[in-house]
Each structure stands twice: as structure tokens, then as C-alpha cells.
Amino acid sequence: MYSIGNLIFNGTMVVATLWIVNRYLGIFSKKRQNFLSIGIWVLFAIFQAYVQMNSGIASIWTTIVSIVLVILISLLGYADRGKKSVLEVCSLYVVWLIIEIMISFCVNILPLEEIHSNMAGNVISKIVMIIGVYVFSIIWKKTDNNLIPAKYYVGLLFVPIGSIYIAVNEFYSINDIKEVFPSVITFSILLLFNIIILEIYSKISENFIMEKEKAVYTQQMNIMAINTEEQKKVMENFHREKHDWINELIVLKNEIEYENKAAVLQNIDRIIQNCQSGEIVSDTGNKCIDALINTKYATAKEKGIEFILKIFIPEELPINQCDIGIVLGNALDNAIEATEKSKSSAKKIEIAMGIKKEALILVVKNPLAGSLKKDKDGKLLSTKEDSKKHGYGINSIIRVARKYNGDVIIEDEEGQFVITVTMNLENF
């Protein structure tokens, strides 16, 4: 009975080790499948089984062999790996060794038999490494997980803490050899339970992030639809005015033929006035930015909002046009909406854009409707009634800025909402 329990326990320890290594390497690069990598994984699993069957205590030689095998796994089984693989793997095993030494020291203080102390140290060190690698992966990929409240991650820590307590308590309850088998099964279940819970939680987190991204994508599609409708309206007005101009030119021609100078001058003045009322406010030469600003201005003008521009940019920018659309479009949409709601008598939006030290700087100022609300982490909160379904515009701007190694600063400047977006152009 004991040998079967020992076999189950050793197998579980091997699975835990493989999970730790796989999860750790996956933090830095994407996994790729090939025969060589599969072969190294199998060889690593066999070697770990051999170590476990020999009391599971790592020596200097078994540690060196493990490091070499994991380096080979990293080089052959993960994309874009190089010299840094050696440093990453060595760092893992240094931390692992320190944890095992510390846990071994603590366990040896407890009044347990030597065999039980070794087993307890093995189980607890694996649990600590499992949760440690998982927490490290969350911290490393913080930008991908910042939509998930931190309290859920804190709550997750109770799983390994409870498992360690159960493991220590179970060791104390072993009085004779007959009780070893069920205890070993308990330890194996505890380890697998931690791994399964973390894997399930990871999938739930990924689905949560995907839902958020889906909501952002839906909102961006709605914004594009609105922009398209606005551009369509502008073009319809242009074609209608073009048709009217043809008729007016016919009338002017007739007036000239009859030498009716006063009527001709009156009609020409009216046409000039109409053209000025539909003026283009942005003419930088950059078609994407001009189209966005002029389209948004047509909407803003209907609401009595004035645009003040200070734009000095080249005709071509090394930035994806969709990214420009997301940043400038969201910033202007938010500014127009806030200005319309504000009680300020001066309904105007200031837009400044230029290149400074190989970076594109965009500053949009508008009257502040209410006050800025931020959470404890300093993130801007939506002031709309259903805040959970809004606020993605700012998040989209931040996401694009980070893509270009830039930043977004939001300030309240003497009753004005000011958003400053920086996008570095050096590497693009």
C-alpha cells in the first residue's frame, strides 16, 4: 500500500514541477510545438521522476542537470529565445533553491520524523512555488490584467495558505505506517487542487479580459459608424451645395447678360457668406487628421462649440491611421460631449498637436462638466450613470499610447479638462 501511495505522490510532485517550469517560461514567450521540444520535456519529466524516487532531495548535480534541461526546453520549445533564457532559468532555480532551504529550515523545527519532514518540505515548497510563479506572471503581465480587481487575486491566496495548513496538520496526524497512504493521497490532491484552481482562474481571467476588449471593440465600431455617418452627411451637404451652385451660376450668368450688376453682387456676397459658414478649420496637409477634425467640427458647430487649433505636424506620420483615429476621435468625442453639457459660457475646445523630441504630442482642452473622479489607483472614472459600460474611450487612448511607448496625462486645469497624449515615433 505504501509503495503505491509513494508512486502517486512522486507522480504528483513531477506534475507540479512540470507545471511550475511551463508556467514560468510561458511568462516571457509563447510556446511552440516541435519534436525536439517534446523530447526534451519527456526527458525532463523522466529525470524529475528519478529525482523523486530517490527521496526527492535535490543535490548540486541534479540541480545542474535540471537547469540544463530547462534551458534546452526554453531554447527549443519557446519562440524568440536567446541568451536571456539562461539568466531566466538560473533565476528560477536560485529562487527555488532559496525557498526550499527556508522551508526545510522551518519544517525541521517541527517535531516530525525525518521522512515526514522531507515530505512536508517537498509539498510545501511546491505549493509556494506554484503560487509564487502564478503571482509573478500576474505582476509581469500587469497591463493585461489591470481590468481585474486586485481583491480577487488576494482572495486566491487563501487557497495555497489553506493547503499548507492542511498539509502540516495532516503530517501531525500520522501515527503509524498504515496512515501514510491516505495522507500521501491527501498531499497529492492538495497539489493538484492548487494547480487546477490556478488554471481555472487563469481561464476565467482571460475570458474576463476578452469580454472587456470585446466591449471596447464594439464601442470603437460604434464610433467609426458615427464618424462615417458624419462624413456622409458632410458629403451630402457638399453635393447638395454643388448642385445649388450650378443653379446659382446659371442665374448669375443671366443677370450678367442683362447687366444687372446689383443683383450679381448681392448673389456673389451670399455665396461667399455660405462658403465661409461651411469653412474647413483644419488644413495641415495630413489627410487623416484633417478629415477627423473637420468632421468633428461640423458636429461641434451645430452645438455651438468653437474649435481653436494649434497644429504643426508633417503631412505624413509613422503612426497607423486607425490608431490616430482612436486617439484623436475619442478625445474629440469626449470633449464635444463634455463641452455641450458644461455650464460655461465659452463653449470652445482647444486642440494642440505637434512633434517634440521624436514624439507626437496631442493636447485637448475643454470646459469640465462637473469634477474629475478617480479611483484609489488614480484611474479616471466615468461620470455617466452606467459607468461600467462607459469609460472605454479613455482606456482605448491609453492602450494606443502604450503601444507607441507613450503616456496619457489627465488634469483639471482651472475648470478645464486637459488630456495630454504622447506617442513616441523613434522606433516606428
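The values are calculated or read from the model by the stated rules, or taken from the named source; none is laboratory data. Keep in mind that what you see is a predicted model, and the values were worked out from it rather than measured. Because the Cβ atoms are built from the backbone with ideal geometry, glycine has one as well, and the counts that use them run over all protein chains shown.
Can you pull out every residue in segment 164-208 that is β-branched (Val, Ile, Thr), at pLDDT below 70 and surrounded by 12 or more Cβ atoms within 10 Å (Cβ to Cβ)?
First pass over segment 164-208, keeping only residues β-branched (Val, Ile, Thr): 164, 166, 168, 174, 177, 180, 184-186, 189, 195-197, 200, 204.
This time we only want the ones that are at pLDDT below 70, so: 168, 174, 177, 180, 184.
VAL168, ILE174, VAL180, VAL184, listed by residue number.
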Among residues of segment 298-312 being at pLDDT 90 or above and either of a type in the set (A, V, I, L, M) or in a helix (DSSP H, G or I) (or both), the residue surrounded by the most Cβ atoms within 10 Å (Cβ to Cβ) is ILE305
Margin query: It is to be established whether one or more residues within segment 397-410 are out of contact with any Phe, Trp or Tyr (no Cβ under 7 Å at 6 or more places or on another chain), modelled with pLDDT under 90, more than 30 Å from PRO318 (Cβ to Cβ) and assigned to a helix (DSSP H, G or I).
Written below: no
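For segment 285-297, name all the residues that are farther than 20 Å from PRO367 by Cβ and assigned to a helix (DSSP H, G or I). Can you show your working first?
Just the residues of segment 285-297 that are farther than 20 Å from PRO367 by Cβ, to begin with: 285-292, 294-295.
If the condition is that a residue be farther than 20 Å from PRO367 by Cβ and assigned to a helix (DSSP H, G or I), then LYS287, CYS288, ILE289, ASP290, ALA291, LEU292, ASN294, THR295 are the ones that fit.
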Of those in segment 344-360 that are charged (D, E, K, R) and part of a strand (DSSP E or B), the residue farthest from LEU425 (Cα to Cα) is LYS348
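Take LEU332 and decide whether it is within 20 Å of LEU425 (Cβ to Cβ) and either touching a His at 6+ places or on another chain (Cβ under 9 Å) or of a type in the set (A, V, I, L, M) (or both). So that I can check it myself, show each step before the final result.
Working: within 20 Å of LEU425 (Cβ to Cβ): no; either touching a His at 6+ places or on another chain (Cβ under 9 Å) or of a type in the set (A, V, I, L, M) (or both): yes.
Taking the combined requirement at face value, the residue does not satisfy it.
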Log entry, pairs with first residue in segment 335-356 being modelled with pLDDT of 90 or more, second being surrounded by fewer than 16 Cβ atoms within 10 Å (Cβ to Cβ) and aromatic (Phe, Trp, Tyr), beta carbons closer than 8 Å, six or more apart or on different chains, reads MET353/PHE312; GLY354/PHE312; ILE355/PHE312
